[in-house]
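The values are calculated or read from the model by the stated rules, or taken from the named source; none is laboratory data. All figures in this text were calculated on a predicted structure; none of them were measured in a lab. Don't worry about glycine lacking a Cβ; one is built from the backbone with ideal geometry, like all the others, and counts go over all protein chains shown. For the accessible areas, the whole protein counts, side chains as well, though only heavy atoms, and no ligand, DNA or RNA atoms are used. Shrake-Rupley method; radii C 1.70, N 1.55, O 1.52, S 1.80 Å.
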Amino acid sequence: MKVRVEIYSLLREKLGWKERIVEIPGRSEATLREVLERAGLVDVIAPEGRLIEGVILLINGRNARLEGGLDARVHDNDEVSVFPPGGGG
Amino acid sequence: MPGGYMGKFLRVNLTDGKIREETFPEEVLRKWIGGRGLGVYIMLKEVDPKVDPLSPDNKIIILTGPLTGTAAPSSGRWCSVTKSPLTGTIHDSHAGGKFGPELKFAGFDGIIIEGASEKPVYLWVHDGKAELRDAKHLWGKDTHATTDAIIEELGDKDIKVACIGPAGENLVKFACIICDKHRAAGRGGHGAVLGAKKLKAIAVRGTMKPRIADEEKFRQAVMECFQKIKQSGVTGQALPEYGTAVLVNIINKHGIFPTRNFQTGVFPGAEKISGEKMKETILVRRDPCWGCPIACGRYTRVPGVGEGGGPEYETIWAFGAQCGVDDLNAIAKANYLCNELGLDTISMGHVIGTAMELYEKGKIPAEKLRGLELKWGNPEAIVELTWRTAYRSGLGDDLAEGAKKLAEKYGAPEVAMVVRGQELPAYDPRGAQGHGLGYATSNRGGCHLRAYMIAPEVLGVPELVDRFETKGKGKLVKTFQDGFAVVDSLVLCKFVTFAFFVDEFAKLLAGATGWNVTPEELWKAGERIFNAERVFNILAFGDGKEYDTLPKRLLEEPMPEGPAKGYVVKLDEMLSEYYEVRGWKDGRPTREKLEELGLKELADRLEEAGLLPR
């Protein structure tokens, strides 16, 4: 499976990239954790295994926290967006 | 006199030119706090809710709160309360910068402005004194020139100025009040109210300070709040680094970035006008309000074009996705112009988008356009129409009346994306149900800040709720509305609520005033203020359930694409729960609810007018 992972704001500055394709050959689905591990993000947004408060994780624009968080299922051709905590008016 | 307050208000009558000093009894201050709350108290007491907003009989009240100008974080704000010429409702509009604290340092908690002057004047308030001065030489000047001229005339570069520009003088329905050149009490046309009264500016300067009743208690509370602001990812990192523009990509990826007048929620050009893009290109520095550790404000420069404060998320949306424009430089230019001319950026950009949809539908005759191509995405159009609107020139005269009147005039009223005549801001509620309820039940027309439901539904603050769900949203909206009424009455910046809320407000207020105020008392005050505003609107319009609604597009046309595809706002489902938790019937507070809130006189007034629900 191929998944596009996009990151934003402070994550871009920290990691030096905006998006990358994560490939997991031989699989049609995976957990969000597996995808983010391969993108080098898990340690950044979930140090010690717990998701930082306020980090926004989307799978095709839906909030993954409502679908199991890092255990949410990701499928081939999905788009994963990762935002550090954000806000405004 | 309790601590925090200066204990003095000015009453300025522009008809006879007399200026008086007044105080309010302590129980009034405790009941209504200040800012927005004290404003609705005064308006209900002194102004007929049916008054013509641009007539001399309307009043406009400039107000600070007990925390303004103290060490409390993000307390550098003030507000204006009046009956809005755009919505006809009670309306409060807030701004940051430095003007608010300086008004308190000049010795006053607020200024009640009544009547109208025959000739342009400005008000000069300094260290306990106030006088009206001739503004003939200022009339016609933009806000920057006005500010510079006043500072030069009065000879003190530390004078803070709040003023109107040509838009306010020309009674544009969404003309704003600009302070400190780059900050706006933006929405609702308060600038037009000042323009109708021929009050060009208010200049303030002072060396006094509000007294703190319990220094130690206050200091503890302040330190706790500063810590919380630092620890929050939103106030401690996102807002300082990117400003509110950090929301562009977030909201677009959720599929609720209103595009081309709410025709869809996904804008392909979002990245080009994002906070990330701004930081790489036009951002010069942060620009904090007085006393604020968050420092979300931006100062930007477009070489060869202009510079100034902003653009904020809402402004980027209004001149950007709303108009199909993905040119950040053009958006910044339109933003600087709005500040100079004295226009609300949200309404201005939004109304241009309305005009673009009317043009797309072939509703605007060619001769009205004078050669302007009103096509989606045209960056010249957003700048050109801003100028034309401020001066009511050609089509600008129609835009100046707001989206509702514009769409009605050109035969397509369904195109106006407004609630009670105020243009909706930068979130499509079809993908955030609770936010839609907030829009529909706002007392001041279409507004994202009465109940910023995006916080729980999208950002996960204080905790994440399902944005597509309707259950529980009535209760949540009430909570936000009441809590934010408190914020607006203390006059703090709403962004502190990403870090702390009413529990901490009670500690700050107790320390400053010396009152043994509890969170429960503040929650009740917030509920009281919200209900009082509703009563004003009922007396003005005969309000009932039928006013709590949304444009047809959001109720009946499913979102065509993106993560929110297929959804409409399921408003009726949420309204019944909302009215129940509010203790209202058919959209109106019952006598029982009003008396519970200490508002028996308002219940009596409604009954007299035959407007109490049965």
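Return the residue satisfying two criteria in turn: it lies in the range B:289-330 and is under 19 Å from the mean Cα position of the chain (by Cα) and of a type in the set (Asp, Glu), and of such residues it is least open to solvent (accessible area, probe 1.4 Å).
The extreme case among them is B:GLU314.
What about B:PHE505, is it without any contact (Cβ under 8 Å) to a residue 24 or more places away in the chain and among the aromatic types (Phe, Trp, Tyr)? Even if it seems obvious, please write down each step before you answer.
Numbers: without any contact (Cβ under 8 Å) to a residue 24 or more places away in the chain: yes; among the aromatic types (Phe, Trp, Tyr): yes.
It is true that B:PHE505 is without any contact (Cβ under 8 Å) to a residue 24 or more places away in the chain and among the aromatic types (Phe, Trp, Tyr).
Only one of these conditions is not met by B:LEU67: (1) touching a Leu at 6+ places or on another chain (Cβ under 8 Å); (2) farther than 29 Å from B:PRO288 by Cα; (3) of a type outside the set (Val, Ile, Thr). Which number is it?
The single condition B:LEU67 does not satisfy is (2).
Spot the failing condition for B:LYS141; the list is (1) among the charged types (D, E, K, R); (2) assigned to a strand (DSSP E or B); (3) in contact (Cβ under 8 Å) with a residue 24 or more places away in the chain, and only one is missed.
Going through (1) among the charged types (D, E, K, R); (2) assigned to a strand (DSSP E or B); (3) in contact (Cβ under 8 Å) with a residue 24 or more places away in the chain one by one, B:LYS141 breaks only (2).
Any residue in the range B:11-29 that is under 16 Å from B:ILE60 (Cβ atoms) sitting within a Cβ distance under 8 Å of a residue that is of a type in the set (Asp, Glu)? List the pairs, counting only those 6 or more apart or interchain.
B:ARG11/B:GLU21; B:ARG11/B:GLU22; B:ARG11/B:GLU114; B:VAL12/B:GLU114; B:ASN13/B:GLU114; B:LEU14/B:GLU114; B:THR15/B:GLU114; B:ILE19/B:GLU131
Taking into account only those residues within the range B:423-459 that are among the aliphatic types (A, V, I, L, M), crowded, with 24+ Cβ neighbours inside 10 Å and part of a loop (DSSP other than H, G, I, E, B), which is nearest to the other protein chains (Cβ to nearest Cβ)?
Top of the filtered list is B:ALA426.
Quick one: A:ARG12 ticks every box in (1) within 13 Å of chain B (Cβ to nearest Cβ); (2) not in a helix (DSSP H, G or I) bar one, so which box is it?
(2)
Return only the number of the condition from (1) within 14 Å of chain A (Cβ to nearest Cβ); (2) open to solvent by 10 Å² or more (accessible area, probe 1.4 Å) that B:THR479 does not satisfy.
The one condition B:THR479 does not meet is (1).
What are the residues in the range B:58-101 that are of a type in the set (Phe, Trp, Tyr) and in a strand (DSSP E or B), if any?
Step one: filter the range B:58-101 for residues of a type in the set (Phe, Trp, Tyr), giving B:78, B:99.
Once the filter is applied, which keeps residues that are of a type in the set (Phe, Trp, Tyr) and in a strand (DSSP E or B), the range B:58-101 yields only B:TRP78.
Could you please find all residues in the range B:382-400 being open to solvent by 50 Å² or more (accessible area, probe 1.4 Å) and either more than 20 Å from B:ASP327 (Cβ to Cβ) or modelled with pLDDT under 95 (or both)?
Answer for the range B:382-400, where residues must be open to solvent by 50 Å² or more (accessible area, probe 1.4 Å) and either more than 20 Å from B:ASP327 (Cβ to Cβ) or modelled with pLDDT under 95 (or both): B:TYR391, B:ARG392, B:ASP397.
Any idea which residue in the range A:63-89 is nearest to the chain's Cα centre (by Cα), counting only those that are at the interface with chain B (Cβ under 9 Å from one of its Cβ atoms) and buried (at least 20 other Cβ atoms within 10 Å of the Cβ)? First the steps, then the outcome.
Residues of the range A:63-89 that are at the interface with chain B (Cβ under 9 Å from one of its Cβ atoms), as a first pass: A:63, A:65-66, A:79, A:81, A:83-89.
From what's left, buried (at least 20 other Cβ atoms within 10 Å of the Cβ): A:63, A:81, A:83-88.
Numbers: A:ASN63: 11, A:SER81: 6, A:PHE83: 8, A:PRO84: 11, A:PRO85: 13, A:GLY86: 16, A:GLY87: 19, A:GLY88: 22 Å.
That would be A:SER81.
Looking at this structure, is B:ALA532 within 30 Å of B:PHE505 (Cβ to Cβ) and not aromatic (Phe, Trp, Tyr)? Show your work before the answer.
Working: within 30 Å of B:PHE505 (Cβ to Cβ): yes; not aromatic (Phe, Trp, Tyr): yes.
So B:ALA532 passes the test.
If the requirement is being within 23 Å of B:MET43 (Cβ to Cβ) and assigned to a helix (DSSP H, G or I), which of these qualifies: B:ARG553, B:ARG534? Show your work before the answer.
Values: B:ARG553 fails: within 23 Å of B:MET43 (Cβ to Cβ).
On inspection, the qualifying residue turns out to be B:ARG534.
Looking only at the range B:235-288, which residues are under 24 Å from the mean Cα position of the chain (by Cα), in a loop (DSSP other than H, G, I, E, B) and away from every other protein chain (no Cβ under 13 Å)?
Passing the criteria: B:PRO258, B:ARG260, B:ASN261, B:PHE262, B:ASP287, B:PRO288.
Is it fair to say B:SER55 is in a loop (DSSP other than H, G, I, E, B), among the polar types (S, T, N, Q) and over 19 Å from B:LEU508 (Cα atoms)? Spell out the reasoning first.
Details: in a loop (DSSP other than H, G, I, E, B): yes; among the polar types (S, T, N, Q): yes; over 19 Å from B:LEU508 (Cα atoms): yes.
For B:SER55, the condition - in a loop (DSSP other than H, G, I, E, B), among the polar types (S, T, N, Q) and over 19 Å from B:LEU508 (Cα atoms) - is met.
Can you name every one of the helices (runs of 4 or more DSSP H) wholly within the range B:346-411 that holds 2 or more residues which are touching a residue at least 60 places away in the same chain (Cβ under 8 Å)? So that I can check it myself, show each step before the final result.
On the way: elements: B:366-369, B:379-390, B:395-399, B:403-409.
So the answer is B:379-390.
A quick yes/no check of all residues on (1) in contact (Cβ under 8 Å) with a residue 60 or more places away in the chain; (2) in contact with a helix residue (DSSP H, G or I) (Cβ under 6 Å, 6 or more places away or on another chain):
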| residue | (1), (2) |
| --- | --- |
| B:LYS200 | yes, no |
| B:ASP214 | yes, yes |
| B:MET223 | no, no |
| B:GLN227 | no, no |
| B:VAL234 | yes, yes |
| B:ALA238 | no, yes |
| B:TYR242 | no, yes |
| B:THR264 | yes, no |
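State yes or no: is B:GLU224 more than 11 Å from chain A (Cβ to nearest Cβ) and in a helix (DSSP H, G or I)? Lay out the reasoning, then the answer.
Working: more than 11 Å from chain A (Cβ to nearest Cβ): yes; in a helix (DSSP H, G or I): yes.
Criteria met by B:GLU224.
Can you find a residue in the range A:46-55 that is crowded, with 19+ Cβ neighbours inside 10 Å, small (Gly, Ala, Ser) and touching a Leu at 6+ places or on another chain (Cβ under 8 Å)? Break it down stepwise before answering.
Keep residues of the range A:46-55 that are crowded, with 19+ Cβ neighbours inside 10 Å, which gives A:54-55.
The next check asks that each one be small (Gly, Ala, Ser); those that pass are A:54.
With the extra rule that they be touching a Leu at 6+ places or on another chain (Cβ under 8 Å), the set shrinks to A:54.
Among the residues of the range A:46-55, at least one is crowded, with 19+ Cβ neighbours inside 10 Å, small (Gly, Ala, Ser) and touching a Leu at 6+ places or on another chain (Cβ under 8 Å), which makes the answer yes.
Please go through the range B:563-602 and pick out each residue that is under 20 Å from B:GLY472 (Cα atoms), assigned to a helix (DSSP H, G or I) and in contact (Cβ under 8 Å) with a residue 40 or more places away in the chain.
B:LEU571, B:GLU573, B:MET574, B:LEU575, B:SER576, B:GLU577, B:TYR578, B:TYR579, B:GLU580, B:VAL581, B:ARG582 - these are the residues of the range B:563-602 that are under 20 Å from B:GLY472 (Cα atoms), assigned to a helix (DSSP H, G or I) and in contact (Cβ under 8 Å) with a residue 40 or more places away in the chain.
Give me the residue from the range B:196-221 that is among the aliphatic types (A, V, I, L, M) and part of a helix (DSSP H, G or I) and, out of that set, farthest from the other protein chains (Cβ to nearest Cβ). Quick ask: steps written out before the conclusion?
Pass one, the range B:196-221, residues among the aliphatic types (A, V, I, L, M): B:196, B:199, B:201-204, B:208, B:212-213, B:221.
Those still in the list that are part of a helix (DSSP H, G or I) too: B:196, B:221.
Numbers: B:ALA196: 28, B:ALA221: 23 Å.
Per the criteria, the residue is B:ALA196.
In the range B:571-614, how many residues are farther than 19 Å from B:LEU44 by Cβ and buried (at least 18 other Cβ atoms within 10 Å of the Cβ)?
Selection size over the range B:571-614: 6.
Go through (1) away from chain B (no Cβ under 14 Å); (2) assigned to a loop (DSSP other than H, G, I, E, B); (3) in contact (Cβ under 8 Å) with a residue 60 or more places away in the chain for A:PRO25 and report which single condition fails.
Of the numbered conditions (1) away from chain B (no Cβ under 14 Å); (2) assigned to a loop (DSSP other than H, G, I, E, B); (3) in contact (Cβ under 8 Å) with a residue 60 or more places away in the chain, the odd one out for A:PRO25 is (3).
Looking at A:GLU48, A:GLU13, A:GLU37, A:GLU23 in this structure, which one is among the acidic types (Asp, Glu) and within 11 Å of the chain's Cα centre (by Cα)? Break it down into steps so the answer makes sense when it comes.
On the way: A:GLU48 fails: within 11 Å of the chain's Cα centre (by Cα); A:GLU13 fails: within 11 Å of the chain's Cα centre (by Cα); A:GLU23 fails: within 11 Å of the chain's Cα centre (by Cα).
From the options A:GLU48, A:GLU13, A:GLU37, A:GLU23, the qualifying one is A:GLU37.
Among the listed residues B:ALA130, B:ALA149, B:ALA167, which satisfies the condition of being buried (at least 24 other Cβ atoms within 10 Å of the Cβ) and not in a loop (DSSP other than H, G, I, E, B)?
Numbers: B:ALA130 fails: buried (at least 24 other Cβ atoms within 10 Å of the Cβ); B:ALA149 fails: buried (at least 24 other Cβ atoms within 10 Å of the Cβ).
Only one candidate qualifies: B:ALA167.
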